[in-house]
């Protein structure tokens, strides 16, 4: 970590090294810049964080600590499917994250422009994200905000998980206040809304919401307000997916409300791989055959082991809408205040249990 630096203006030099260029995304809490690393002669992305006016000093420091936590979580994961963090610098009293520049679009951008994806393509994306989450979980990192906006689809075929600003790290000091739940409402796991500690199972639920959104055109649980959305995820039954096709068993398995009964990563990986390859999951075929014989169907496969060669093949790049070739949408990386909701648990309990 180094400093000082210049204010966030195009052409400004950050920490004597990073020349700020075009704005890739901007919002109420900051800006993501395309920049040039003049020491290594390469393009990078730089995340600048601005705390809203009126925030007290304690909260400001907590938000800045989240930025440093984001960099640490991504760096600890060390996986090709997790955005690479190069540096954290302090300039103008604020931390800035320097990371790789992923050229492409976010999954949210693609869904907005093109509509729902075919199940096979959604499965390929889901398999890549699942692999990245597995690497993060293996080193004690729980993402806590897996959403379409935080998944970048690179022009080179990579699928990259970004925005670890709300991640929980095993062994690190917590930054969430007592009685707070962190996460985007549409993808918040039911157990988190009820006050449970974050765990890998919560990321699996959020991945299920991402996959549902990718093939169905919207999340499975929606309400008129963020809290109504959270309440629906806790109380309402899972709707029937209309367009998921062979992806349906994975969606239903990942979106089980009880985290102890949620589909395991190994089983999800196997079924996603089969769907990505254009095959109906074997378990579904066996279950259908069993039903045809008047039996209860096949074994659950909870003890399945992921086949060797766990790293998914790159996704064949598709031409972005209108032929655009640009840096991925980084507006979603701006953290709290835009895509991330911090909900008081007591309010959720009043609405959910009341």
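The values are calculated or read from the model by the stated rules, or taken from the named source; none is laboratory data. Worth saying up front: this structure is predicted, and the values here are computed from it rather than measured. Virtual Cβ from ideal backbone geometry, glycine too; neighbours counted across all protein chains shown.
Values for this structure:
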read-out	value
Residue within the stretch 96-108 that is farther than 21 Å from residue 218 by Cβ, surrounded by fewer than 22 Cβ atoms within 10 Å (Cβ to Cβ) and out of contact with any strand residue (DSSP E or B) (no Cβ under 6 Å at 6 or more places or on another chain) present	yes
Among residues of the stretch 122-134, those that are in contact with a helix residue (DSSP H, G or I) (Cβ under 8 Å, 6 or more places away or on another chain) and within 22 Å of residue 216 (Cα to Cα), counted	8
Odd one out for residue 79, checked against (1) touching a helix residue (DSSP H, G or I) at 6+ places or on another chain (Cβ under 9 Å); (2) in a helix (DSSP H, G or I); (3) closer than 22 Å to residue 42 by Cα	(2)
The listed residue being more than 24 Å from residue 214 (Cβ to Cβ) and touching a residue at least 60 places away in the same chain (Cβ under 8 Å), out of 75, 122, 65, 108	65
Selection from the stretch 202-247 of residues that are out of contact with any helix residue (DSSP H, G or I) (no Cβ under 9 Å at 6 or more places or on another chain) and assigned to a helix (DSSP H, G or I)	232
Check on residue 116, at pLDDT 80 or above and not in a strand (DSSP E or B)	yes
Given (1) assigned by TED's automatic domain parsing to the domain that holds residue 215; (2) buried (at least 23 other Cβ atoms within 10 Å of the Cβ), number of the condition residue 70 does not satisfy	(1)
Test: residue in the stretch 43-66 that is assigned to a strand (DSSP E or B), surrounded by fewer than 17 Cβ atoms within 10 Å (Cβ to Cβ) and not assigned by TED's automatic domain parsing to the domain that holds residue 151	yes
Boolean, residue 91 is closer than 24 Å to residue 160 by Cα, buried (at least 20 other Cβ atoms within 10 Å of the Cβ), in contact (Cβ under 8 Å) with a residue 60 or more places away in the chain and not assigned by TED's automatic domain parsing to the domain that holds residue 130	no
Residue satisfying condition, being under 15 Å from residue 229 (Cβ atoms), more than 16 Å from the chain's Cα centre (by Cα) and either in the same structural domain as residue 131 (by TED's automatic domain parsing) or modelled with pLDDT of 90 or more (or both), within set 186, 193, 178	193
Breaking point among (1) modelled with pLDDT of 95 or more; (2) in contact with a helix residue (DSSP H, G or I) (Cβ under 7 Å, 6 or more places away or on another chain); (3) part of a helix (DSSP H, G or I), for residue 137	(1)
Considering residues of the stretch 199-250 that are touching a strand residue (DSSP E or B) at 6+ places or on another chain (Cβ under 8 Å) and surrounded by fewer than 21 Cβ atoms within 10 Å (Cβ to Cβ) only, the residue nearest to residue 162 (Cα to Cα)	200
Unique residue being at positive phi and touching a residue at least 24 places away in the same chain (Cβ under 8 Å) when the list is 208, 202, 195	195
